[in-house]
Amino acid sequence: MHMSDALLSPVVGATLWAGTLGTIAYCSKKIKENLDEKMIPLMGVTGAFIFAAQMVNFTIPGTGSSGHLGGGMILAIILGPYAAFIVMASVLTIQALFFADGGLLALGCNIWNLGIYPCFIAYPLIYKPIVQKGMTPKRILIASLISVFVGLQLGAFSVVLQTLLSGRSELPFITFVALMQPIHFAIGVVEGFITAGVINYMRAARPELLESIVDSRPLSPEIKTKKIVLVLLVIVIITGGIVSWFASTNPDGLEWAIERVYGKPELPEQETGITALLKAVQERTAFLPGYTFKKKEVPKEQKIPGGDENAWPNVEAGTTISGILGSIMMIGLILLVGFGIKAIKKKGT
Amino acid sequence: MDFDKEYFNLGFLDTLSYKDTVIHRLDPRTKVIATFALIITVVSFPKYEITGLIPFFLFPAMIFSLGDIPVWFILKKVMVVSVFAVFIGIFNPLFDTHVRLDLFGIPVSGGWVSFFSILMKFFLTMCSALLLISTTSFPGICHALQKLRIPEIFISQLLFLYRYIFVLVEETLRMVRARDLRSFGKKGRGISIFVNLIGTLFIRTIERADRIYHAMLSRGFSGTIYYVKRDRLRKADFVCLFLTGMVLILFRTYDLVSFIGKQTERIF
């Protein structure tokens, strides 16, 4: 499932973009280091293949609903992790642009969720060890099922984390997890069978093709498991550090709302060093003047519904009315500008 | 997903991007940077914000009219786009029930406010992505990304992918049509047929890659791809970037809607 711009906060979006760009740069370097130029057209065309294959629907047995291919694992098996990650990133980029799948800020998250896990965790840590002992159809099936399952579960869990860290959704952690993981369990089983099916089909139909690709791809020999785990650990610590640091200095989400409603932050804040500086910057740049405070100086507008006001102390009718009025005016203005330009252009031609 | 329609949409967006208007003539870099700035500014609003988001609709309105983009086509695409945000957002009213707004005596809970805010952000961000691609050719965007120091291998991958999408999608279109002609009702659309279809498609893909590689070799390919077109930032680009930045800061910092609302109230 694609992460969406509307659920993201800029900090989470930017952090994931940084991680994704870093990985793209790293993979590019790795591919360039031992480039078989045959890979360049191969990567391009397999990307187009994934793209086209995703547009084909099939019926999921038993349910009658239709599903389609994700494809990250097929890419990793055929092209190896580095090239597969680049291909997956390019496919998602084109989808984000042409189908607006998720959006441009969320693209960083989507590449991360759908690229990193199959390419750098599921493939080297699960698929490879199982298949290494012999490429029988059964082994391929088992390896595909488990690795696709793990990749998707991790991806789904990241979506949950990214959404919660952004603080735009009200879903509690447990409910969200209970919602996402089972869906992706079902998707994972189907995807696992398809992945195994395609690889086995290739092995049966044109075994020499599969081998020649595996030979020509960069770095098909050993990737050290230890190294991967270590790198991942470092990434987790850095990301966690950055996100939590921002989360604690920025009165985002609920805190921000509390501050706006009650006029002062509810929670005591540390105001030293960079925290105070950031807060000052935030107040200078992001504070919306005259939204709540001014209203309190003009008490005469508070006379709308009398008795109920105590029940809902944070309702301010005055702000609401001016908000609605202003919104209508603004929308009218924008439409005027839009149609105005159109009319002028028509006259000109 | 309707296969033929998807493919048609892809081609249509591509055609749109080769129009010749003020917006289309801007340097791709300008548009990429401006779009990202707009998206980041929009999502940076806290979750209960509604009025502050309204002025930002000025951007799509201006691009639609200046860039001569068919409004309904884009709007339809935004509506049918993956609805994950809506799906997750709709839970907000369930979990956040304390009242935040009073709409002429009707209490509105915080959940609905934040859900509406998510919807507005969803619309704005989706619109800007689609407007970027319908006012900028895809190769143009790739060149822009290259100038912005994105690794070259990724850029050539994007260009290759884009070129061959149309070839492969047409190939797939023929195969899917053949499958559909041979299948009746739900029969014949199952998973095993799908796997065989994809497998065949994949083998054809690999063989095609081989042919392409040989064709490239015979034309002197040695591992690097060269680009001919050189874009240059002109005065219009700097003006556009400057104005966009100023307007974004203005919209983000000042609550224009409340201001206008209060002025109107005062007049009446």
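The values are calculated or read from the model by the stated rules, or taken from the named source; none is laboratory data. Predicted, not measured: the structure shown is a model, and the values here were computed from it. Note that we place each Cβ from the backbone using ideal geometry, even for glycine, and neighbour counts take in every protein chain shown.
See the values below:
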| read-out | value |
| --- | --- |
| Residues (modelled with pLDDT under 75 and either under 17 Å from residue A:189 (Cβ atoms) or touching a Leu at 6+ places or on another chain (Cβ under 9 Å) (or both)) located in region A:38-68 | A:58, A:59, A:60, A:61, A:62, A:63, A:64, A:65, A:66, A:67, A:68 |
| Selection from region B:63-73 of residues that are part of a helix (DSSP H, G or I), surrounded by 19 or more Cβ atoms within 10 Å (Cβ to Cβ) and more than 9 Å from every other protein chain (Cβ to nearest Cβ) | B:63, B:67 |
| Selection from region B:245-259 of residues that are surrounded by 16 or more Cβ atoms within 10 Å (Cβ to Cβ) and modelled with pLDDT of 85 or more | B:247, B:248, B:251, B:252 |
| Unique match (being facing another protein chain (nearest Cβ under 7 Å) and at pLDDT 55 or above) among A:332, A:340, A:318, A:323 | A:323 |
| Any chance residue B:161 is at pLDDT 85 or above, within 19 Å of the chain's Cα centre (by Cα) and closer than 30 Å to residue B:197 by Cβ | yes |
| Tally of residues being farther than 25 Å from residue A:45 by Cβ, at the interface with another protein chain (Cβ under 7 Å from one of its Cβ atoms) and in a helix (DSSP H, G or I) across region A:91-114 | 2 |
| Selection from region A:149-180 of residues that are surrounded by fewer than 17 Cβ atoms within 10 Å (Cβ to Cβ) and among the β-branched types (Val, Ile, Thr) | A:174, A:175, A:177 |
| Residue in region B:217-234 that is surrounded by fewer than 19 Cβ atoms within 10 Å (Cβ to Cβ), more than 9 Å from chain A (Cβ to nearest Cβ) and in contact with a Lys or Arg (Cβ under 8 Å, 6 or more places away or on another chain) present | yes |
| Residues of region B:230-246 that turn out to be in contact (Cβ under 8 Å) with a residue 60 or more places away in the chain and in a helix (DSSP H, G or I), as a count | 6 |
| Residues located in region B:82-108, provided they are more than 7 Å from chain A (Cβ to nearest Cβ) and not aromatic (Phe, Trp, Tyr) | B:83, B:86, B:90, B:93, B:94, B:97, B:98, B:106, B:108 |
| Sole residue being within 14 Å of chain B (Cβ to nearest Cβ) and within 27 Å of the chain's Cα centre (by Cα), chosen from A:210, A:125, A:152, A:161 | A:161 |
| Filter pass, residue B:10 being within 16 Å of the chain's Cα centre (by Cα) and farther than 24 Å from residue A:341 by Cα | yes |
| Among the residues listed as B:93, B:107, B:60, the single one being outside any loop (DSSP other than H, G, I, E, B) and free of Cβ contacts under 8 Å to residues at least 12 places away in the same chain | B:107 |
| Long-range neighbours under 6 Å by Cβ, at least six apart or interchain, first residue more than 9 Å from chain B (Cβ to nearest Cβ) within region A:188-199, second among the hydrophobic types (A, V, I, L, M, F, W, C) and crowded, with 22+ Cβ neighbours inside 10 Å | A:188/A:148; A:188/A:152; A:191/A:148; A:192/A:148; A:195/A:73; A:195/A:74; A:195/A:148 |
| Region B:1-46: number of residues that are part of a helix (DSSP H, G or I) and either without any contact (Cβ under 8 Å) to a residue 12 or more places away in the chain or under 30 Å from residue B:255 (Cα atoms) (or both) | 21 |
| Qualifying residues in region A:1-50 (those that are among the polar types (S, T, N, Q) and within 28 Å of residue B:202 (Cα to Cα)) - the one nearest to the other protein chains (Cβ to nearest Cβ) | A:28 |
| Cβ-Cβ under 9 Å pairs, at least 6 apart or on other chains, region A:129-145 side more than 17 Å from residue A:70 (Cβ to Cβ), far side of a type in the set (D, E, K, R) and surrounded by 17 or more Cβ atoms within 10 Å (Cβ to Cβ) | A:135/A:203; A:137/A:203; A:140/A:203 |
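Every residue, every condition in (1) surrounded by 18 or more Cβ atoms within 10 Å (Cβ to Cβ); (2) modelled with pLDDT of 85 or more, yes or no:
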residue	(1), (2)
B:35	yes, yes
B:47	yes, no
B:85	yes, no
B:106	no, no
B:115	yes, yes
B:119	no, yes
